[in-house]
Every structure is written in C-alpha cells, then in structure tokens.
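> Mind having a look at this structure? Questions to follow.
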Amino acid sequence: MDFIELELIYVHLLLSLLLFLPPLINLYALLFKTSHTQKLKFLALMAPAYYTFLSASLFSGLVSWAMLRFTIIPEVFIMLILWLLIFILEIKRHKKQKLIQVESNPNIRLLFFQWALRKYLFDICAFIGLFLLIL
C-alpha cells in the first residue's frame, strides 16, 4: 500500500478508537450515578461528543475507502451497517431522553436508563467486534 493510504487508515483507526470514550463515560454515569438528574446530565453532555466522533470516523473511513478506490470488501460494509445502526440508535436515545427529562414517573425513567445501558453495551461490543474483525 501507498504511504498516504496507510496514514489515512491509521488516522481512521485513531478516530475510531475515540468512539469508545462516550459509551464508556455514559456507562459509568448509568451504573454509578444515583440521581436521575445526574444521569441525564451526563448523557446530554456526552451526546455532542459522540456525534462528533461518529461523524469523524465516518468521514475518515470514507476518505480511506476512496483512496482504496472503493474496493468492495465485506469489512467495509459491516462497518457502514454498524455505524448506521449505532447512529440511528443514538438518535432514538436522544429523542427518548428529551421526553424523559419532563417525565415525573420514576419507573419510566428507569426503563429508559435500562434501555440506554443496553444500547451502550451494544455499542462497545460492536466496536470491539469490528476491531477484532480488522485485526
């Protein structure tokens, strides 16, 4: 491979590694924060960072794929499908959180926190699976 292609793939991997941070921080908040307000605050604080890292990894991945002349490889399609799934689920989580912020029923909030916990565990498992697939 050409030096530039290797550097682009290296940058893509570094940006993709940053995708672990928001779900890990959100898992910490969901598991160890006791107040619903604190949990919602952490989730709201990390949402822009997560969207930024998702878009940066998508952009760097598409640039890397373009440098490889859009060669059809299964790993790329798996990455795109998982990225899209994670992005859609994050948007759903964000919309649900907007509704939960005004909800006074603690049981409904607990259901949301359980759903968010499963979502972030899925995200981390997907990222680990992708890294194992590539390595």
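The values are calculated or read from the model by the stated rules, or taken from the named source; none is laboratory data. This structure is a prediction, so every number in the text was calculated from the model and none was measured. All Cβ positions, glycine included, derive from the backbone under ideal geometry; neighbour counts span all protein chains shown. Surface areas here come from the heavy atoms of the whole protein model, side chains and all, with no ligands, DNA or RNA. Shrake-Rupley method; radii C 1.70, N 1.55, O 1.52, S 1.80 Å.
> Report, in debye and to the nearest 20, how large the dipole of the range 82-134 comes out about its Cα centre when Lys and Arg carry +1 and Asp and Glu carry -1 on their Cβ.
Dipole magnitude for the range 82-134 comes out near 180 debye.
> Among the trypsin sites (Lys or Arg not before Pro) in the range 19-48, which ones are in a DSSP loop with at most 16 other Cβ atoms within 10 Å of the Cβ? Mind listing them? Walk me through the numbers on the way to the answer.
Working: sites: 33, 39, 41; in loops: 33.
Answer by residue number: 33.
> Report the local net charge at residue 36: Lys and Arg +1, Asp and Glu -1, summed over other residues whose C-beta lies under 14 Å from its C-beta.
Residues close to residue 36 contribute a combined charge of +4.
> Among 42, 134, 10, pick out the residue whose Cα is farthest towards the positive end of the charge dipole of the range 3-134, where Lys and Arg carry +1 and Asp and Glu carry -1 on C-beta, about the Cα centre.
42
> Counting other C-beta atoms within 10 Å, and keeping those with at most 16, which DSSP coil GluC sites (Glu not before Pro) do you find in the range 16-125?
Answer in residue order: 103.
> Where the only charges are on Cβ atoms (+1 Lys, Arg; -1 Asp, Glu), what is the dipole of the chain about its Cα centre, to the nearest 20 debye?
Around 900 debye, computed over the chain.
> Here's something else I'd like to know. With helices defined as uninterrupted DSSP H runs, which ones in the chain have an alpha carbon span along their own long axis of at least 24 Å and mean Kyte-Doolittle hydropathy of at least 1.0?
Details: long enough: 36-67 (46 Å, 0.74); 74-100 (38 Å, 0.93); 106-134 (42 Å, 1.28).
Long hydrophobic helices here: 106-134.
> Roughly how many percent of the accessible protein surface of the chain is carbon and sulfur, given a 1.4 Å probe and a whole-percent answer?
75
> For a paramagnetic label modelled at 7 Å from the Cα of residue 20 toward its Cβ, which residues of the range 36-50 fall within the zone defined by backbone nitrogen distances under 18 Å?
Backbone N within reach: 50.
> Regarding the chain, what whole-number volume in Å³ per residue does the convex hull of its Cα atoms give?
95
> Each label point is 7 Å from the Cα along the Cα-to-Cβ direction; what then is the distance between the points at residue 107 and residue 33, in nm?
Label-label distance for residue 107 and residue 33, simple model: 2.5 nm.
> Would you mind calculating the relative contact order of the chain from Cα pairs under 8 angstrom and at least 6 residues apart, reporting the percent as a whole number? Can you show the working numbers first?
Working: 77 pairs, mean separation 47.0, N = 135.
Averaging sequence separation for qualifying contacts and normalising by length gives 35 percent for the chain.
> Also: Using a probe radius of 1.4 Å on heavy atoms only, what accessible surface per residue do you get for the chain? Whole Å² is fine.
For the chain, the solvent-accessible area averages 61 Å² per residue.
> If one computes the Cα centroid of the range 1-42 and of the range 65-135, what distance in Å separates the two points?
Using only Cα atoms to place each centre, the spacing works out to 11 Å.
> To two decimal places, what compactness ratio does the range 60-109 give when its Cα radius of gyration is scaled by 2.2 N^0.38 Å? Numbers along the way, then the final one.
Numbers: Rg = 17.7 Å, N = 50, 2.2 N^0.38 = 9.7 Å.
For the range 60-109, the normalised Cα radius of gyration is 1.82.
> For residue 33, give me every one of the lysines with a C-alpha distance below 16 angstrom, ignoring sequence neighbours fewer than eight places off in its own chain.
Partners within reach: 41.
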